[in-house]
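Visitor: Mind looking over this structure? Questions follow.
The values are calculated or read from the model by the stated rules, or taken from the named source; none is laboratory data. Because the structure is a prediction, the values reported are computed rather than measured. No Cβ is skipped: glycine too gets one built from the backbone with ideal geometry, and neighbour counts run over all protein chains shown.
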Amino acid sequence: MAAVADTYTELPTPDGPGGRRTAHRPGGDKPDGPLGWPGYDASRARAQARTGEDESVVTALAAIGGATTVLLSFEFGYLGGSIGERTGDRLEAAYGLARERGLPVVSLIATGGSRMQEGMRALTQLQRVAGQSALNRAAGLPQIAVLRDPTTGGGWATLGAGADVILALPGAQVGFAGSRVRPGDADPHAYSAEGQLAAGHIDAVVPPDALRATLRRWLQLLGGARESGAEAASEPAPPPYALGTHDLPESGWDAVAGARDARRPRAEAYLRAYFDDWEELSGDRCGGVDPGMRCGFGHREGRTIAFAAQCGTATRPAGFRTAARLVRLADRIGIPVLTLVDTPGAANDAAAERAGAGAAIADAFAALATAREPVTSLLIGEGGSGGALALAAPGRLWATPDSYFSVIAPELAAAILKRDEQQVRDTADQLRIRPQDLLEMGVVRDIVPPA
């Protein structure tokens, strides 16, 4: 705990003096535990003597960079950080305190999974933990997990993978299957922090010496919660100023050429101009990462604003799912969202179809349509059909002068209409895709000015 917290005070144990004794575990105080596992009491005594702890998790009220949080820290030296009934008692009490005080939960995880010496009574603690996590999620309270070595079994499948932001230490073993139970020919990279990052299951691998600062930034960004069921109260994020050309295109094809110009400012430039600082999420939690979709939370003039930004490439299913995840997280904790729209369209190759392109786009549409917090969208380049529209907030879309939005690319429209290449420019004009056309038709609210 001292490695990440400025100060902390351990919470009273619910089964110790000043705490409460739960009634859900009959036989929990029998010699050698609920199963009468020979030598279990002796193993616990040795673990306590070795670590100075009387259970595999320590809970505390902590301050990290000025943010008060409930901190959960696993002691791997205590029976491999395994989760037993008393572990469940402590975790349940800690989550309850977080809800009572409206605090985020930070979990420092190092566990091999459920405790065999307590059998199914240990395994069912995962249901308790998942239930408590769901209650905090419904209350709009952020949850951040730090995956240490190892994070496997039920600890990964509840506290770890169920968190809103998932960080990991370099080289940490991370996976549902521990090293002694996975297939002998399994690729070890798949069970590592780096492998999980590449597969879209965690947000970042953070060196130990940067962990405290990273947690501090995340807690500052996600601080403040909205009561469950409350109406949206945030002010909408203001649209960014235009960073590229100030001149409107004369023709539809001029609009296309301007938006496709490699010199045009992209998402990176807009994020740098808009935010004072930011942290990014990564991955769709379904096995995919799209480098052409950047999502995260940033500070702007003392406010936190979430963002989902297309980077000018064809958006893959993982990108749409990551954006939907970002919008729902921001909505749950009461933070407005900015989306930057810039894509020639959704990826349409066979791999994208196998990865569920249609369902992913539908999920992004649904996330924006049901958001209670306001979403502001800015078209900064190409607006390619439904792949772009999926990130455009209904009724809250602005455009830059060097952008266009079209039901279909002019070249494809000409091909469908059996027109030759010479007619592509005329087709672009007929589609009315210039920013001024979009404003006249009511598709965008306005064309943003330069800074």
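Visitor: Considering the stretch 90-139 alone, what residues qualify as being small (Gly, Ala, Ser) and either surrounded by fewer than 18 Cβ atoms within 10 Å (Cβ to Cβ) or in contact with an Asp or Glu (Cβ under 9 Å, 6 or more places away or on another chain) (or both)?
Guide: Gly96, Gly102, Ala110, Gly119, Ala122, Ala130, Gly131, Ala134, Ala138, Ala139
Visitor: Another one. Please find, among Thr400, Thr370, the residue that is surrounded by fewer than 21 Cβ atoms within 10 Å (Cβ to Cβ) and at pLDDT 95 or above.
Guide: Thr370
Visitor: Is the stretch 412-427 home to any residue that is buried (at least 24 other Cβ atoms within 10 Å of the Cβ) and part of a helix (DSSP H, G or I)?
Guide: The answer is no; no qualifying residue exists.
Visitor: Restricting the search to the stretch 166-194, which residues are within 17 Å of Gly154 (Cβ to Cβ), touching a strand residue (DSSP E or B) at 6+ places or on another chain (Cβ under 6 Å) and not small (Gly, Ala, Ser)?
Guide: Ile166, Gln173, Val174, Tyr191, listed by residue number.
Visitor: When residues of the stretch 326-378 are filtered for being part of a loop (DSSP other than H, G, I, E, B), more than 18 Å from Cys295 (Cβ to Cβ) and in contact (Cβ under 8 Å) with a residue 12 or more places away in the chain, how many remain?
Guide: Of the residues in the stretch 326-378, 5 are part of a loop (DSSP other than H, G, I, E, B), more than 18 Å from Cys295 (Cβ to Cβ) and in contact (Cβ under 8 Å) with a residue 12 or more places away in the chain.
Visitor: For the stretch 34-76, how many residues are closer than 21 Å to Thr9 by Cα and part of a loop (DSSP other than H, G, I, E, B)?
Guide: Residues that pass the stated criteria total 9.
Visitor: Given the conditions (1) over 23 Å from Thr313 (Cα atoms); (2) in a loop (DSSP other than H, G, I, E, B); (3) of a type in the set (Gly, Ala, Ser), and given that Ala393 satisfies all but one, which numbered condition is not satisfied?
Guide: Going through the list (1) over 23 Å from Thr313 (Cα atoms); (2) in a loop (DSSP other than H, G, I, E, B); (3) of a type in the set (Gly, Ala, Ser), Ala393 breaks only (1).
Visitor: Another question, then. Which residues, taken from the stretch 138-156, are of a type outside the set (Val, Ile, Thr), out of contact with any Gly (no Cβ under 8 Å at 6 or more places or on another chain) and within 18 Å of Glu75 (Cα to Cα)?
Guide: Arg148
Residue by residue, here is whether (1) of a type in the set (A, V, I, L, M); (2) under 26 Å from Ala371 (Cα atoms); (3) in contact with a Gly (Cβ under 9 Å, 6 or more places away or on another chain) holds:
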{"position": "Tyr274", "(1), (2), (3)": "no, yes, yes"}
{"position": "Met293", "(1), (2), (3)": "yes, yes, yes"}
{"position": "Thr304", "(1), (2), (3)": "no, yes, yes"}
{"position": "Leu329", "(1), (2), (3)": "yes, yes, no"}
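Visitor: Select from the stretch 137-161 the residues that are among the hydrophobic types (A, V, I, L, M, F, W, C) and in contact with a Leu (Cβ under 9 Å, 6 or more places away or on another chain) and write down the one among them that is farthest from Ala110 (Cα to Cα).
Guide: Ranking the candidates gives Leu141 first.
Visitor: To continue, here is another question. Report yes if some residue within the stretch 238-261 is assigned by TED's automatic domain parsing to the domain that holds Ile408, in a strand (DSSP E or B) and more than 20 Å from Leu368 (Cβ to Cβ); otherwise report no.
Guide: Scanning the stretch 238-261 turns up no residue that is assigned by TED's automatic domain parsing to the domain that holds Ile408, in a strand (DSSP E or B) and more than 20 Å from Leu368 (Cβ to Cβ).
Visitor: Pull up the stretch 429-447, narrow it to residues that are assigned to a helix (DSSP H, G or I) and acidic (Asp, Glu), then point me to the one that is farthest from the chain's Cα centre (by Cα).
Guide: Here the residue is Asp429.
Visitor: Looking at the stretch 195-234 only, could you name the residues that are out of contact with any strand residue (DSSP E or B) (no Cβ under 7 Å at 6 or more places or on another chain) and modelled with pLDDT under 95?
Guide: Gly224, Ala225, Arg226, Glu227, Ser228, Gly229, Ala230, Glu231, Ala232, Ala233, Ser234
Visitor: Looking only at the stretch 164-185, decide whether some residue is in the same structural domain as Ser114 (by TED's automatic domain parsing) and either within 30 Å of Val448 (Cβ to Cβ) or assigned to a helix (DSSP H, G or I) (or both).
Guide: No, the stretch 164-185 has no match at all.
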